[in-house]
């Protein structure tokens, strides 16, 4: 009774104290920008770099002076991205054909990257597919492929590159999730499941590194609205006014890459939605 009330009182004070601190932190960073870091010279690996958002990320990092490591299942698309990156001012670009749905291939190409380039310091898990089918209409093999690319690939790339980040006390893990990883969407059951999983996985690993005080390893989780990357099926005209597809470059300034040169958001965890979705 008395000890319970004492414990309850103590926990209440802790809760109120943390709430006040969090509120003050939000107020401060509303007017004072968070510190940012240079990405010049960082080894940046981007999966799904052969088109869409992955290609735009590669071009952004090329202009910021990063060393690019480009992974895509399409050799032709990846080579086109590499060419564009060189034209954008990249100093070093390495391309690898990799099917991220295959664990053994991810590990094999990862070992190749370590030998030929070095330790990856920024890992961007961007590769993704959309079946575009209702759950009961979607063949099992397509759903399995969606899970392998959109979620399981994150497990294998983390296993491959996170140990070096921890050893070096330096690294940044970027999960390209989706607004469909925050709320269920009609007709995207398998896709939503994979994006929920990717979000939860990235957040859980962040909590592990934070608990172990591995503060040199940062995590960013990006949840953009539906993007017209050429991969998802187009929305039907009946619903297009409700779910307009956004151009890939519309999410970059508000989520991952600020406009200021050679900067990347610095901090432990940033689950970010685009302003188009949040209405800001």
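Coordinate-derived values only; no laboratory data. Note that this is a predicted model, so its numbers are computed, not measured. A quick note on method: Cβ atoms are made from the backbone with ideal geometry, for glycine too, and the neighbour counts reach across all protein chains shown.
Ordering 27, 207 from the fewest to the most neighbouring beta carbons within 10 Å gives 27, 207.
Testing the spin-label approximation: label points 7 Å from Cα along Cα→Cβ at residue 15 and residue 214. State their distance in nm. With each label placed 7 Å out from Cα toward Cβ, I get 3.2 nm.
How big is the equivalent ellipsoid of the stretch 60-192 along its three axes, where each semi-axis is √(5λ) from the Cα gyration tensor, reported in whole Å from largest to smallest? If you can, show how the numbers build up before the last one.
Working: eigenvalues 159, 59, 44 Å².
Semi-axis lengths for the stretch 60-192 are 28, 17, 15 Å.
Post the alpha-carbon centroid distance, the stretch 15-50 to the stretch 65-134, in whole angstrom. Here the two parts' Cα centres lie 25 Å apart. Computed on the stretch 27-124, with alpha-carbon pairs under 8 angstrom and 6+ residues apart, the relative contact order is 29 percent. Counting every C-alpha pair in the stretch 1-142, the share spaced more than 22 angstrom apart comes to 57%.
Report the percentage of all Cα-Cα pairs in the stretch 77-148 whose separation exceeds 19 Å, rounded to a whole percent. Within the stretch 77-148, distances greater than 19 Å cover 52 percent of Cα pairs. Counting beta carbons within 10 Å around each of 147, 129, 176 and listing the fewest first gives the order 147, 129, 176. When 177, 101 are sorted by how many other C-beta atoms sit within 10 angstrom of their C-beta, beginning with the fewest, the order is 101, 177. If you wrap the Cα atoms of the stretch 108-176 in a convex hull and average its projected area over all directions, you get 5.2 nm².
Based on alpha carbons, the Rg and Dmax found for the stretch 1-78 are 23.3, 71 Å.
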